[in-house]
Amino acid sequence: MSKIIVLGGGIIGLSTGMMLGRQGHDVTVLERDGDPLPSSPGEAWSAWGRRGVAQFRQPHYLHSGGHQIFDSHLPDVSEALLRAGCITFDMLTVMPPSITDRAPRRGDERFVTVTGRRPTMEGAVASVAEKALFVRRGVSVTGLLTGSPAVNGIPHVAGVRTAGGEEISADLVVDAMGRRSKLPDWVEAIGARRPTEEAEESGFIYYSRFFRSRNGAVPRSRGPLFAPFHSFSLLTLPGDSHTWSVTVFIFSGDEALKGLRTLESWTALLAACPLHAHWLDGEPISDILPMGGITDRYRRFVVDGAPVATGIVSVGDAWACTTPVGGRGITMGLMHAAGLAEVVRRHLDDPLALTLAYDSMTEARLTPWYRSTVQMDRARCAQIKAAIEGRAAPRPADPLATLQVAMMYDADLFRAALEIVSLLRLPQELMARPGMIDRIMEVARSYEAVPPPGPSRGDLLRILASGGKRRAAA
């Protein structure tokens, strides 16, 4: 039985630990935040102090690609999510009315997920993990321990050192410390090369608010979860226990729209959008929650064909973090954790083989999702900049972008797009299907992209100038 340390007790750290623990390894999870597990989902939302997770009370969503991993690898977590009040949500329910073919297809169940607010989901995952793993909360790690090199000239990590001076040995250390991970500094401190790192600002600011149903009935979606307008976008996400969130996000360089951080202006904007105004018909359970400065960032721990260190791997946001617009973070992290479990099963006794196999798996399965997210962010920023400057939005230049138009009019192309949205199929895999590109182009030739109904930019600026025409309930 090998000893494995997982750094970070969030959803991905705990899920990784459980997948490895069920292979028979001795797994310890070290979590910096010291608050104990809350006793209920309500307490998780109102009082759980997860100070190490800046986005803890921001909107989250679990795509069906992630839900399938819970079902196949950690079915007791799927059950715990439902017990905690998380909801079953079918992405086919947001099929636009412009599609007249509503007949079901074989395999439609793949678009069904179970999702909820981040505190509720993490509480459910932790309730299972703490019965299966040794989870130590309130333990801060400050650096790495080294052992005999597995490869000449490459440091080998053999454990960690805590802020209290404790030294904990391990056969493998897993970094699941999220987007704030300091692993590059730590490996450099033991004489290793720094990993390759790419980073760029996503260019967005987010203003979110959470609501709870007053009568137990959650409003029905009248449009897609993500709706791009001229110079802003709306994201509406279902939550657990009859709750939901609404996010307005804007380009960070658009100073004229930063007044949307005020409750009155935010509410007035939503009220002016016919397909979204009904999301205001609930009891607010948060103020406007702003978030900005989000970076798309990717790290690679194999440089020029050689690991920077052995005995340590990075998973989820600690490896690569993306903007929350697509809600991909948790699902990508679960995909990464499942891939790590496969690699560990085959290679734990060979540190070099493990590191190289993990890098290869990551580059094949996860990095394309990171790249596509960055491309999506850049394209949306270009559209918003054009709107601000009064220019026509750039026309789609590739089949994947053109799919965003065609999916609104063809039932099968809508499902194809959902496979990408739900992280079930990589874009390049989908486009490689025989006849797919031809079909996309054929449908798209007959239609133009039509933005959802809502205020023009001029209307929006007038709303902001007036301070909002509708005051929100406290």
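The stretch between Asp304 and Arg102 holds 67.6 nm of extra length on full extension. This uses 0.36 nm per residue minus the Cα-Cα distance.
Here the Karplus relation 6.51 cos²θ - 1.76 cosθ + 1.60, evaluated at θ = phi - 60°, turns the backbone of the stretch 361-369 into coupling constants of 4, 4, 5, 7, 9, 9, 4, x, 5 Hz, with x for every Gly and Pro. Kirkwood radius, the stretch 117-272, all distinct C-alpha pairs, inverse of mean reciprocal distance: 20.3 Å. With viscosity 0.890 mPa s and temperature 25 °C, the Kirkwood radius over alpha carbon pairs of the stretch 333-474 converts through Stokes-Einstein to a diffusion coefficient of 131 µm²/s. All C-alpha pair distances within the stretch 336-382, sorted into 5 Å bins from zero, spread as 5, 22, 22, 15, 11, 9, 7, 5, 3, 0 percent across the bins.
Assuming charge only on the beta carbon of Lys and Arg (+1) and of Asp and Glu (-1), the dipole of the stretch 315-372 about its Cα centre is about 240 debye to the nearest 20. Sequence-ordered 3J(HN,Hα) estimates for the stretch 91-98 from the Karplus curve with 6.51, -1.76 and 1.60 and θ = phi - 60° stand at 5, 5, 6, 9, 4, x, x, 5 Hz, glycine and proline given as x.
When the trypsin sites (Lys or Arg not before Pro) in the stretch 415-466 are filtered for DSSP coil states and for at most 14 other beta-carbon atoms within 10 Å of their beta-carbon, the remaining sites are Arg445. Local charge for Val141 was computed over the other residues whose Cβ lies under 14 Å away, with Lys and Arg +1 and Asp and Glu -1, and equals 0.
Pull out the extension gain between Glu429 and Glu166, defined as 0.36 nm times the separation in residues minus the alpha carbon to alpha carbon distance; nm, one decimal. Before the final figure, lay out each step's value.
Values: separation 263, 0.36 × 263 = 94.68 nm, distance 4.72 nm.
Here the answer is 90.0 nm.
Simple point charges give the picture: +1 on the Cβ of Lys and Arg, -1 on the Cβ of Asp and Glu, and for the chain a dipole about the Cα centre of about 1080 debye. A helix-only calculation puts the chain at -10500 deg cm²/dmol for mean residue ellipticity at 222 nm, using -39500 (n - 2.57) for each DSSP H run of at least four residues, averaged over all residues. Remark on Gly159: its backbone amide H falls under 5 Å from those of Leu145, Ala170, a criterion applied only to residues 5 or more positions apart or on other chains, H modelled at 1.01 Å from N. Within the shell defined by Cβ-Cβ distances under 14 Å, the residues around Leu289 carry a net charge of +4, with Lys and Arg each +1 and Asp and Glu each -1. Straight distance only, please: which aspartates and glutamates reach the Cα of Lys385 with their own Cα at less than 16 Å, same-chain residues fewer than 8 apart left out? Reachable aspartates and glutamates: Glu201, Asp254, Glu255, Asp377.
Of the chymotrypsin sites (Phe, Trp or Tyr not before Pro) found in the stretch 286-387, no site is in coil according to DSSP while having at most 10 other Cβ atoms within 10 Å of its Cβ. Placing unit charges on the Cβ atoms of the charged side chains and taking the dipole of the chain about its Cα centre, the candidate lying farthest along the positive direction among Val53, Thr93, Met376 is Thr93. In summary, the aspartates and glutamates within cross-link reach of Lys3, defined as a Cα separation below 19 angstrom excluding same-chain residues under 8 places away, comprise Asp26, Glu31, Glu130, Glu166, Glu167, Asp171, Asp175, Glu342, Asp349, Asp350. Of Tyr358, Pro195, Gly282, which is farthest along the charge dipole of the chain in the positive direction, counting Lys and Arg as +1 and Asp and Glu as -1 at C-beta? The residue sitting most towards the positive pole is Gly282. Checking every one of the trypsin sites (Lys or Arg not before Pro) in the stretch 24-77 against DSSP loop status and a limit of 15 other Cβ atoms within 10 Å picks out Arg51. When the alpha-carbon atoms of the stretch 103-196 are used, the pair Rg, Dmax equals 19.4, 63 angstrom.
Can you give the charge dipole size of the stretch 3-118 about its Cα centre, rounded to the nearest 20 debye, using +1 on the beta carbon of Lys and Arg and -1 on the beta carbon of Asp and Glu?
240 debye
When only Cα pairs below 8 angstrom with a gap of at least 6 residues are kept, the stretch 187-302 shows a relative contact order of 43 percent. 3J(HN,Hα) along the stretch 150-166: 7, 9, 4, x, 10, x, 10, 7, 10, x, 9, 10, 8, 4, x, x, 6 Hz, from the Karplus curve 6.51 cos²θ - 1.76 cosθ + 1.60 with θ = phi - 60°, whole Hz, x for Gly and Pro.
Take every DSSP beta bridge whose two residues both sit in the chain, then give the antiparallel share in percent to the nearest 5.
75 percent
No value in this document is a laboratory result; all are computed from the given coordinates. What you are looking at is a predicted structure, and each value in this text was computed from that prediction instead of being measured. Positions of Cβ are generated from backbone atoms using ideal geometry, with glycine treated the same way; all protein chains shown enter the neighbour counts.
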